[in-house]
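First up is the structure itself, then whatever we jot down about it.
The values are calculated or read from the model by the stated rules, or taken from the named source; none is laboratory data. Note that the structure is predicted; figures quoted are calculated from it, not measured. Counting neighbours? That spans all protein chains shown, and the Cβs are built from the backbone with ideal geometry, glycine included.
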Amino acid sequence: MAKAGRPAATGAPPVRLKQKDLIAIEPMTREELELILDNTVGFKDIVTRTVKKVPTLRGKTVVNLFFENSTRTRTSFELAARRLSADVVNFDVATSSVNKGESLLDTVETIQALGADYVVIRHGSSGAQEYLGSRIDASIVNAGDGSHEHPTQALLDCFTIREEKGTLDGLRIAIIGDILHSRVARSNIWAMQKLGAHVTLVGPPTLVPERFRDFGVAISHDLKTGLRRADVVYTLRVQLERQARNLFPSLKEYRNLYGIDMERLKYAKSDALLMHPGPANIGVEVTREAMKCSQSRIEHQVTNGLAVRMAVLYLLPGGREYDTHADQ
């Protein structure tokens, strides 16, 4: 199947997202998702060429405000903003007035008063970004809120699949592991289904409760059954830090029942892609050998994350006064 290519040039002004913020995948349309994915193609060309910078967001300011630890997402957003020539501020929550009792809204209003055009936020409370988005003018980008959503992760995952398979229409995707606590899983469920994929959730009943059927997915508590005919095997990190109680007897038992190695990868189609949002508990949800095999697209996900986040910043309102297209 042919891989997805660059959108055809029409000479018309570039189409941008209508909403001010990127908070969640759930309310977005397929057309909006495809707009981001189509624009990502051009930005990936920029990421991989010798001169990796364009003036698209020159004069704009992007603030990264992370209340939870992050390596991949925070670094990816910082590089994305710099590649678009924006000014970048990494806000240090540990040394801020938050520790003196300043509210989240007060903090973000202060950041906006200093001239921020975009605020990229990761926060442990579900809904924090939506609360802020209706109260400030800067564009809010959700980099993860509690167990709710992580929209740019889902976008980069869908882009990675589309790049390899040409489309998500009709694909069978198995998402394995700690669905209960995973904002990545929720965003991917919405995005993948909107783009035409069939999603099966796989894991123990305590981590994949029956109520997830309300999302329109299939559920399997048996790994071999869940991976049958899968085009994509997407395994999640076991999030022990989000669990208030033990939801399975031990990591060893979880690995024995749901860990992905080279043999268990064979339960899926022979050309199935292996993906993981990172960081991985190596030897628990996935082996190092599987992560490095020819079917793995885990490193591609990291590269594609940079291009997707460039596309998101470009398409949100902060870039609307610019006519320079990403491909120029």
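So that you can scan it fast, the table gives a plain yes or no per residue for (1) among the polar types (S, T, N, Q); (2) in contact with a strand residue (DSSP E or B) (Cβ under 7 Å, 6 or more places away or on another chain):
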position: Val54; (1), (2): no, no
position: Asn64; (1), (2): yes, yes
position: Ser70; (1), (2): yes, yes
position: Thr75; (1), (2): yes, no
position: Glu78; (1), (2): no, yes
position: Val89; (1), (2): no, yes
position: Gly115; (1), (2): no, yes
position: Val141; (1), (2): no, yes
position: Gln153; (1), (2): yes, no
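What residue, among those in segment 270-309 that are assigned to a helix (DSSP H, G or I) and without any contact (Cβ under 8 Å) to a residue 40 or more places away in the chain, is farthest from the chain's Cα centre (by Cα)? Step through it out loud before you land on a result.
Taking segment 270-309 first, the residues assigned to a helix (DSSP H, G or I) are 288-291, 298-309.
Within this subset, residues satisfying the condition of being without any contact (Cβ under 8 Å) to a residue 40 or more places away in the chain are 288-291, 298-299.
Values: Arg288: 22, Glu289: 24, Ala290: 22, Met291: 19, Ile298: 13, Glu299: 14 Å.
Only one residue fits best here, namely Glu289.
From the list Tyr267, Tyr322, which residue is of a type in the set (Phe, Trp, Tyr), assigned to a loop (DSSP other than H, G, I, E, B) and at pLDDT 95 or above?
Tyr267
Got a sec? Which of Gly101, Gly127, Gly144 is under 20 Å from Ile189 (Cα atoms) and surrounded by fewer than 24 Cβ atoms within 10 Å (Cβ to Cβ)?
Of the residues listed, the single one that is under 20 Å from Ile189 (Cα atoms) and surrounded by fewer than 24 Cβ atoms within 10 Å (Cβ to Cβ) is Gly127.
May I ask you to list the residues in segment 178-197 that are part of a loop (DSSP other than H, G, I, E, B) and closer than 14 Å to Ala218 by Cα?
Kept after step one, since they are part of a loop (DSSP other than H, G, I, E, B), are these residues of segment 178-197: 178-182, 195-197.
Residues satisfying the conditions are Ile179, Ala197.
Report whether or not Asp38 is of a type in the set (Asp, Glu), closer than 14 Å to Ala307 by Cβ and either part of a helix (DSSP H, G or I) or not assigned by TED's automatic domain parsing to the domain that holds Arg162 (or both).
Answer is yes for this residue.
Is it the case that some residue within segment 236-243 is under 24 Å from Asp261 (Cα atoms), modelled with pLDDT of 95 or more and touching a helix residue (DSSP H, G or I) at 6+ places or on another chain (Cβ under 8 Å)?
Checking segment 236-243: at least one residue is under 24 Å from Asp261 (Cα atoms), modelled with pLDDT of 95 or more and touching a helix residue (DSSP H, G or I) at 6+ places or on another chain (Cβ under 8 Å).
Does Glu130 satisfy being outside any loop (DSSP other than H, G, I, E, B), acidic (Asp, Glu) and not assigned by TED's automatic domain parsing to the domain that holds Asn256? Give the derivation first.
Working: outside any loop (DSSP other than H, G, I, E, B): yes; acidic (Asp, Glu): yes; not assigned by TED's automatic domain parsing to the domain that holds Asn256: yes.
For Glu130, the condition - outside any loop (DSSP other than H, G, I, E, B), acidic (Asp, Glu) and not assigned by TED's automatic domain parsing to the domain that holds Asn256 - is met.
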